[in-house]
Amino acid sequence: MSKENKKSPEKELKEKLFYNKKNVYQLIEDDEVKSINTFSEDYKQFLNASKTEREAVKFALKAAEAKGFKEYKPGMGLRSGDRIFVNNRGKALILAVIGTESIENGVRINAAHIDSPRLDLKQCPVYEDNEIALFKTHYYGGIKKYQWTAIPLALHGVVVLIDGTQVEVNIGENETDPVFVISDLLPHLASEQMKKTGGNIISGEDLNIIIGSRPFKSDNESELVKLNILSILYDKYGITEEDFLSAELEAVPAFKAQDIGFDRSMIGSYGHDDRVCAYPALRAILDTTGTPKKTAVTVLTDKEETGSDGNTGLNSSYLKYFIEDLAFEFGARGTTVLSNSECLSADVNAAFDPTFPSVMEKKNSSYINYGVVLTKYTGARGKSGTSDASAEYTGRIRTLMNKNNVIWQTGELGKVDAGGGGTVAAYIANLNVDVIDLGVPVLSMHAPYEVVAKADVYMAYRAFRVFIED
Ligand code: MN
Ligand code: MN
């Protein structure tokens, strides 16, 4: 060895003592790059087919049934190797593979959410103003309202008619479908608007969706544009204005998921938060071969973006009830099972954005292409609202990831007191389960079009798999 190539003692000591992160692409072989790209193509299909929680449940159910998962009915009797699911009102889903070990040793839970920020139609949404027909909306989740104007919107959801019939709506996704839009003010006349603060440039009551402009024939009645729209809706779906009272209709961006960059290393899409964790968690349990030691559970939940309340959110008891039912099948106590269980709370984190470095603390930010993010705690203002994983559990997951060559990083959501956020981790931890957040770094989180790196999506999939297969 020549003198030049020999490492200095300082360099050697640095390598031994310093924590050095590396880009995924500097650590993996060509065959793994291929796996990343294949997985990304599957993920894009899921994104385009599952823009709402209901559609995500449908997609997941179909895939699970194809892999032999059967609907679980309490008391049906279970044994190791059984693959089961519980469909919670079509908006949340639990999948499980019964393990070989005693249920009393606990289960392994991967929990992600399948709701995303969007615009919900109000109960009485339809109106006409100056011969333009519009929908009134109430936004769902944390959005920058101005981002939702002047982009194509699609309408998804269900309407329940007075006789109980459920009508499904999905319009704006096919090339030949019409789309909808919220107008914004032209810059020529926006001098007063542009003086407003960001949160008020577009107000909640300005988020009105344009749905038509042609009047119903020519006659002397008022509101003929609205009448024409209701007539079209009646012909197409059999619904009247009153039927909107029992509907869940969600306006979402009409964009398709697409590769970003000359190198195609990223994916742009609506709703990465949190489908970018939900899909890898789903695939992890579907792709598991053989029977795991510990019973594996994947939860795809609803209502995270509005605080996890409601009977399809994880602040409700539906997961606890499921674990209690499982325990009962084996003559065990649900509390014992929960107390011995472990969970990866699968949610996204804010990736370091070079355009907005001031809100980030570089040493503790997550970076795209640096692998899946392990987040010990979330919360805001002095760690409020977080479960804060223990050093012991964090250490266990760290060892597990390293042992299986899953590339991961740590990440805190922005600078201290710059803001903050929470996930479902705290609700599961409150059931006396060990929980840590693990997910994918996202650029432009909660925008109508978010960006993730393909390598990180794949590492999330690997993480969820090794967690349930270990
Ligand atoms: Mn999320
Ligand atoms: Mn979110």
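The values are calculated or read from the model by the stated rules, or taken from the named source; none is laboratory data. Quick caveat: nothing in here was measured; it's all calculated off a predicted structure. Every residue, glycine among them, receives a Cβ derived from its backbone with ideal geometry; neighbour counts consider all protein chains shown. These area figures cover heavy atoms from the full protein model, side chains too; ligands, DNA and RNA do not enter into them. Shrake-Rupley method; radii C 1.70, N 1.55, O 1.52, S 1.80 Å.
General remarks:
- A Cα-only calculation for segment 148-192 places Rg and Dmax at 16.2, 51 Å.
- Phe262 paired with Glu248, simple spin-label distance in nm, labels 7 Å along Cα-to-beta-carbon: 4.5
- Crossing angle, helix 318-329 versus the chain [Cα axis fit, 0-90 degrees, rounded to tens]: 50
- Of the listed residues Cys343, Cys124, the order by accessible area with a 1.4 Å probe, largest first, is Cys124, Cys343.
- Counting protein heavy atoms only, segment 350-470 has 50 percent of its accessible area on carbon and sulfur, 1.4 angstrom probe.
- The long axis of helix 454-469 is offset from the longest Cα principal axis of the chain by roughly 60 degrees.
- Across all Cα pairs in segment 319-436, the calculated P(r) in 10 Å bins from zero up to the longest distance comes to 13, 37, 31, 14, 4, 0 percent per bin.
- Volume in Å³ per residue [convex hull over Cα atoms, computed for segment 43-99]: 75
- Label separation (Thr289 vs Lys403): 2.1 nm, computed from points 7 Å beyond Cα along the C-beta direction.
- Under 19 Å from a label point set 7 Å out along the Cα-to-Cβ vector of Lys415, the amide N atoms of segment 362-383 belong to 362-367, 379-383.
- Between 0 and 90°, nearest 10: helix 53-66 axis offset from the chain longest Cα axis: 50
- Where N is the number of residues in segment 205-271, Cα Rg divided by 2.2 N^0.38 Å: 1.70
- Applying both filters, DSSP loop and at most 10 other Cβ atoms within 10 Å, to the trypsin sites (Lys or Arg not before Pro) of segment 348-434 gives Arg381.
- Calculated P(r) of segment 1-133 - Cα pairs past 25 Å, %: 60
- log10 of Debye I(q)/I(0), alpha-carbon scatterers only, for segment 235-275 at 0.14, 0.21, 0.25, 0.31 Å⁻¹: -0.56, -0.78, -0.91, -1.08
- Segment Lys144-Lys217, length gained on full extension (0.36 nm per residue, minus Cα span): 22.4 nm
- Residues Trp148, Trp408, sorted by accessible area with the largest first, give Trp408, Trp148 [1.4 Å probe; ligands and nucleic acids excluded].
- In segment 87-190, GluC sites (Glu not before Pro) in a DSSP loop with at most 11 other beta-carbon atoms within 10 Å: Glu175
- The calculated FRET efficiency for the pair Lys67 and Ser35, based on their C-beta separation and a Förster distance of 22 Å, comes to about 0.70.
- Of the chymotrypsin sites (Phe, Trp or Tyr not before Pro) in segment 240-304, the ones in a loop by DSSP (not H, G, I, E or B) with at most 12 other beta carbons within 10 Å are Phe262.
- Probing with 1.4 Å while keeping every protein chain in the model, the per residue accessible area of segment 158-217 equals 67 Å².
- Heavy-atom accessible surface of segment 351-406, averaged per residue, reaches 55 Å², computed with a 1.4 Å probe.
- Stokes-Einstein D in µm²/s, Kirkwood radius over Cα pairs - the chain at 10 °C with 1.306 mPa s viscosity: 66
- The helix-based estimate of mean residue ellipticity at 222 nm for the chain, built from -39,500 (n - 2.57) per DSSP H run of four or more residues and divided by its residue count, is -8500 deg cm²/dmol to the nearest 500.
- Cα Rg, Dmax (largest Cα-Cα span) when computed across segment 388-437, Å: 12.7, 35
- The simple Förster model, with R0 at 51 Å and r as the Cβ-Cβ distance, assigns Val179 and Lys6 a FRET efficiency of 0.20.
- Computed over segment 79-142, the range of Cα coordinates on each principal axis works out to 67, 21, 13 Å, biggest value leading.
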